[in-house]
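The values are calculated or read from the model by the stated rules, or taken from the named source; none is laboratory data. Since the structure is predicted, the reported quantities are computational estimates derived from the model, not experimental observations. Because the Cβ atoms are built from the backbone with ideal geometry, glycine has one as well, and the counts that use them run over all protein chains shown. These area figures cover heavy atoms from the full protein model, side chains too; ligands, DNA and RNA do not enter into them. Shrake-Rupley method; radii C 1.70, N 1.55, O 1.52, S 1.80 Å.
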Amino acid sequence: MTVQGWLLILGFVALVVLVAKPMGVWLFAILEGRRTPLHAVLGPVERGFYAAAGVDPAQDRGWRRYGVDMLVFNLIGLLLTYTILRLQGVLPWNSQGLPGLSGHLAFNTAVSFTTNTNWQSYGGEAVMSQFSQMVGLTIHNFFSAATGIALAFAFIRGFARREASGVGNFWADMTRVTLYLLLPACLVYAVVLLAGGVPQTLSGAVDATTLEGARQTIGLGPVASQEAIKMLGTNGGGYFNANSAHPFENPGALTNLLQMLSIFAIGAGLTWTFGKAVGNTKQGWAILAAMLLLFTIGAGVTYSAEAAGNPIHHALGIAGGNMEGKEVRFGVAASALFATITTAASCGAVNAMHDSFTPIGGMVPLFNMQLGEVIVGGVGAGLYGILLYCILGVFVAGLMVGRTPEYVGKKIEGREVKLAVLAIAVLPLIILGMTGLAAVSEAGLAGRANMGPHGFSEILYAFTSAVANNGSAFAGLTANTAFYNGLLGVAMWLGRFFVIIPMLAIAGSLAAKRVVPASTGSFPTTGPLWVGLLCAVILILGGLTFLPALALGPIADQVAMLRGDLF
Amino acid sequence: MFDFLSALRPAIVLTALFTLLLGVGYPLAILGIGQAAFPHQANGSLIVDDGKVVGSELVGQAFTSPRYFNTRPSAAGKGYDANSSSGSNLGPTSKALAERIGTDIAAQRKAGVTGAIPADLVTASASGLDPDLSRAAALVQVPRIARERGLSEASVRTLVEKQIEQPALGMLGDPHVNVLALNRQLDRMTPLSRP
């Protein structure tokens with residue numbers, strides 16, 4: 001461990017705090033449908049889109065209507081991408097002449113990109129044409145991010161409105177988020193990445209003759225445009241197999257810092273937007289404080305484990321931290337930090353191979369996802385995820401003092417608590433159920449690249465990542481089979497929408513309530529006591545379920561590593 | 001109650017319009033900006049010698065000859081396949097990994113390296129295309145290079161130190177060196193006849 005390593009982690013946390021408010025202010029303007037400077041250029045585009053689609057943006061909708069619109073939009077996008085991937089062979093911009101994808105891979109990939117998971121059972125450079133990458137996949141990087149943010153807006157309105165019947169208009173939210181935030185931000189971001197060395201070309205590959213005289217085929221493509229939205233929209237699906245470890249996706253230490261920051265930018269900003277919307281920005285800062293507290297602990301543990309290295313390899317004669325599966329230009333600290341960020345958010349981009357991390361270093365990313373990705377989290381999804389925990393947090397506090405719980409002026413009653421528990425409890429059921437199924441079936445076990453406890457970790461990681469809509473992997477697992485593509489596809493879909501539907505129902509029920517003025521009996525949800533309670537609720541409710549599985553995987557693996565056992 | 005049909009028109013129309021805007025318009029706009037303002041980077045930062053592409057500044061290539069600074073082990077295809085990026089994905093308790101590292105360390109010892117082995121020299125990178133070596137991993141190869149090329153160790157060491165890139169902002173990463181750039185400099189000191 002080095003001082004620079006710790007400075008990097010703490011410096012990063014400081015940068016996130018700095019970015020949160022400006023981003024939150026901008027998001028608040030979009031939430032409210034206010035005019036921004038960009039309206040001069042994009043306002044006509046927005047109005048044109050509404051006119052063509054027959055949408056009245058001012059029409060306020062109830063939570064059911066909002067949910068149906070969102071679902072239908074996602075289903076249409078899913079079908080479009082499935083079709084494009086199946087027909088890849090006859091579509092243009094396919095310089096390597098790649099064939100269409102198999103049915104199960106196309107299904108898995110279409111679900112994956114629609115649900116903001118971006119799990120990839122394939123290696124991009126060898127499977128996807130430029131057309132598939134741009135038209136089939138890049139659009140979902142935008143759609144799924146816009147969907148997530150729109151849903152967060154609906155949930156925020158649930159808390160902010162009083163005696164209202166609606167939670168907003170999905171079409172308007174989705175369109176505004178895309179036009180006034182994602183698209184302009186990505187235009188700027190992609191150009192910065194270009195300057196840093198990320199390619200953007202329609203040429204598929206270039207042949208080089210190396211200094212030693214060998215032939216090297218260098219895969220290229222329209223990488224920069226996809227890279228920008230991949231990070232900013234917490235999508236994480238790489239253009240290349242190696243994702244942000246590939247020198248063309250992430251050429252240097254500075255692009256790496258920018259990528260890490262862009263994963264958290266919108267998620268952190270939304271906490272401020274929430275506070276502003278409910279009339280007290282301290283409410284937002286308290287949520288962000290809890291997130292960053294849990295984050296810093298996780299980053300510290302991962303960094304310590306990776307910097308300490310592997311005693312089995314030390315015995316062979318290696319010095320220093322664990323560098324298997326890491327790039328020299330990032331080093332141990334920035335790799336450990338990236339891994340913690342990408343799994344705290346639902347990004348899933350990687351700049352190092354998590355499968356080759358030390359057992360404890362790999363357990364933190366796994367645990368981050370199992371908590372439901374509420375540590376900043378995916379764009380939108382992180383905010384509504386942690387607000388579900390906030391509901392449970394005030395409920396627990398209410399039980400302790402024997403009062404009806406309230407949160408930001410809304411009474412939290414039986415219906416909200418039941419729905420929040422439903423949304424949170426379904427996830428472990430799917431993760432553990434499917435992991436168990438894979439661990440006792442031949443098709444499941446066949447996918448492992450590593451044996452022993454680490455092989456179990458690979459399976460557990462895959463289903464955790466799918467249900468949590470993360471998309472990163474212990475990538476040794478061979479997942480491009482009908483068994484894994486099918487099961488993981490179902491897992492991703494359930495993991496996304498089994499949280500969203502109960503969450504929208506809560507939003508609808510909260511929006512209809514009156515605001516109760518804070519009294520001396522109200523539990524304050526802005527101070528350190530609340531931050532501590534919220535962290536405890538997240539760790540206990542979110543994490544405890546997974547301890548037995550973690551004991552069989554990473555913890556057993558750690559014991560084996562210390563004993564020097566090999567598999 | 002669930003009126004799916006009335007959502008169909010906005011869903012289809014907005015999907016179509018946004019697909020044109022985001023799936024075609026946006027990448028082509030970046031393509032235009034890239035080709036106009038950053039043509040070198042946009043086309044892969046290629047290095048061209050005498051009209052022939054030698055490689056990319058950013059992408060590592062296989063160096064296994066004792067006369068060159070050797071790159072890290074690679075799991076990309078058969079090694080440094082820049083159309084098939086990959087890490088080894090071998091875990092911390094993997095027997096295959098321990099054996100591979102053991103073999104590579106034995107080779108280093110045979111080449112005369114003593115003391116602790118810099119970790120990056122015998123571990124596979126995440127992409128399999130790592131263009132860099134740590135300062136330490138380059139320096140342990142200096143005696144072998146000097147011997148093979150008939151140069152003084154001091155001159156080779158000076159070359160390495162000149163090529164070292166310091167961490168950005170003083171805290172992002174560790175000092176490292178781009179191996180392709182380093183080996184090109186080496187060839188300028190003592191040209192190696194191409195096979």
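Tabulated data for the structure shown
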{"item": "Residue in region B:82-104 that is closer than 26 Å to A:Leu193 by Cα and of a type in the set (A, V, I, L, M, F, W, C) present", "result": "yes"}
{"item": "Counted residues, region B:151-179 - those being open to solvent by less than 70 Å² (accessible area, probe 1.4 Å) and either closer than 30 Å to A:Val3 by Cα or outside any helix (DSSP H, G or I) (or both)", "result": "17"}
{"item": "Selected residue (criterion: nearest to A:Glu406 (Cα to Cα)) from residues of region A:503-520 that are part of a helix (DSSP H, G or I) and among the hydrophobic types (A, V, I, L, M, F, W, C)", "result": "A:Leu510"}
{"item": "Lone unmet requirement of (1) facing chain A (nearest Cβ under 7 Å); (2) outside any loop (DSSP other than H, G, I, E, B); (3) open to solvent by 10 Å² or more (accessible area, probe 1.4 Å); (4) under 30 Å from A:Leu182 (Cβ atoms) for B:Ala7", "result": "(3)"}
{"item": "Selected residue [acidic (Asp, Glu) and in contact with a helix residue (DSSP H, G or I) (Cβ under 7 Å, 6 or more places away or on another chain)] from B:Asp187, B:Asp120", "result": "B:Asp120"}
{"item": "Filter pass, A:Val167 being β-branched (Val, Ile, Thr) and over 21 Å from the mean Cα position of the chain (by Cα)", "result": "yes"}
{"item": "Test: residue in region A:336-348 that is over 30 Å from A:Glu163 (Cα atoms) and open to solvent by 10 Å² or more (accessible area, probe 1.4 Å)", "result": "no"}
{"item": "Residues satisfying the stated conditions in region A:542-558, i.e. more than 18 Å from A:Ala439 (Cβ to Cβ) and open to solvent by 80 Å² or more (accessible area, probe 1.4 Å)", "result": "A:Leu544"}
{"item": "Which numbered condition A:Val111 fails, given (1) in contact (Cβ under 8 Å) with a residue 60 or more places away in the chain; (2) more than 24 Å from the chain's Cα centre (by Cα); (3) surrounded by 21 or more Cβ atoms within 10 Å (Cβ to Cβ)", "result": "(2)"}
{"item": "Residue that is crowded, with 24+ Cβ neighbours inside 10 Å and free of Cβ contacts under 8 Å to residues at least 12 places away in the same chain, where the choices are B:Gly60, B:Gly23, B:Gly51", "result": "B:Gly23"}
{"item": "Odd one out for B:Arg149 among (1) farther than 26 Å from B:Ala76 by Cα; (2) touching a residue at least 60 places away in the same chain (Cβ under 8 Å); (3) out of contact with any Ser or Thr (no Cβ under 6 Å at 6 or more places or on another chain)", "result": "(3)"}
{"item": "Region B:108-138 - residue that is in a helix (DSSP H, G or I), more than 7 Å from chain A (Cβ to nearest Cβ) and in contact with a Leu (Cβ under 9 Å, 6 or more places away or on another chain) and, of those, nearest to A:His246 (Cα to Cα)", "result": "B:Leu121"}
{"item": "Filter result (more than 8 Å from every other protein chain (Cβ to nearest Cβ) and of a type in the set (Gly, Ala, Ser)) within region A:176-202", "result": "A:Ala185"}
{"item": "Boolean, A:Asn485 is in a loop (DSSP other than H, G, I, E, B) and closer than 28 Å to A:Gly236 by Cα", "result": "no"}
{"item": "Residue within region B:26-44 that is part of a helix (DSSP H, G or I), within 21 Å of A:Val55 (Cβ to Cβ), within 31 Å of the chain's Cα centre (by Cα) and outside the structural domain of B:Glu57 (by the TED database) present", "result": "no"}
{"item": "The listed residue being open to solvent by less than 10 Å² (accessible area, probe 1.4 Å) and aliphatic (A, V, I, L, M), out of A:Ala443, A:Ala511", "result": "A:Ala511"}
{"item": "Region B:71-83 - residue that is touching a Leu at 6+ places or on another chain (Cβ under 8 Å) and of a type in the set (S, T, N, Q) and, of those, most open to solvent (accessible area, probe 1.4 Å)", "result": "B:Ser74"}
{"item": "Filtered residue count, region B:61-107, keeping only those that are in contact with a strand residue (DSSP E or B) (Cβ under 6 Å, 6 or more places away or on another chain) and not in a loop (DSSP other than H, G, I, E, B)", "result": "1"}
{"item": "Flag if A:Ala205 is at the interface with chain B (Cβ under 9 Å from one of its Cβ atoms), more than 26 Å from A:Met23 (Cα to Cα), in contact (Cβ under 8 Å) with a residue 12 or more places away in the chain and surrounded by fewer than 24 Cβ atoms within 10 Å (Cβ to Cβ)", "result": "yes"}
{"item": "Test: residue in region A:264-274 that is within 13 Å of chain B (Cβ to nearest Cβ) and modelled with pLDDT of 95 or more", "result": "no"}
{"item": "Within region A:497-531, considering residues that are hydroxyl-bearing (Ser, Thr, Tyr) and touching an Asp or Glu at 6+ places or on another chain (Cβ under 8 Å), the one modelled with the highest pLDDT", "result": "A:Ser509"}
{"item": "Residue among A:Leu562, A:Leu534, A:Leu566 that is aliphatic (A, V, I, L, M), assigned to a loop (DSSP other than H, G, I, E, B), more than 29 Å from A:Met70 (Cα to Cα) and at pLDDT 95 or above", "result": "A:Leu566"}
{"item": "Members of region B:90-119 found to be closer than 29 Å to B:Arg147 by Cα and among the small types (Gly, Ala, Ser), listed by number", "result": "B:Gly102, B:Ala106, B:Ala107, B:Ala111, B:Gly112, B:Gly115, B:Ala116, B:Ala119"}
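Each row is one residue, and each column tells you yes or no for (1) more than 7 Å from every other protein chain (Cβ to nearest Cβ); (2) in contact (Cβ under 8 Å) with a residue 12 or more places away in the chain; (3) open to solvent by less than 40 Å² (accessible area, probe 1.4 Å).
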residue: B:Val13; (1), (2), (3): no, no, yes
residue: B:Leu17; (1), (2), (3): no, no, no
residue: B:Ala42; (1), (2), (3): no, no, yes
residue: B:Pro66; (1), (2), (3): yes, yes, no
residue: B:Ser85; (1), (2), (3): no, yes, yes
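Residues are listed down the side, and each one gets a yes or a no for (1) more than 29 Å from A:Met128 (Cα to Cα); (2) at pLDDT 95 or above:
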| position | (1), (2) |
| --- | --- |
| B:Asp3 | yes, no |
| B:Phe18 | no, yes |
| B:Leu28 | no, yes |
| B:Ala42 | no, yes |
| B:Ser45 | no, yes |
| B:Ser56 | no, yes |
| B:Leu97 | yes, yes |
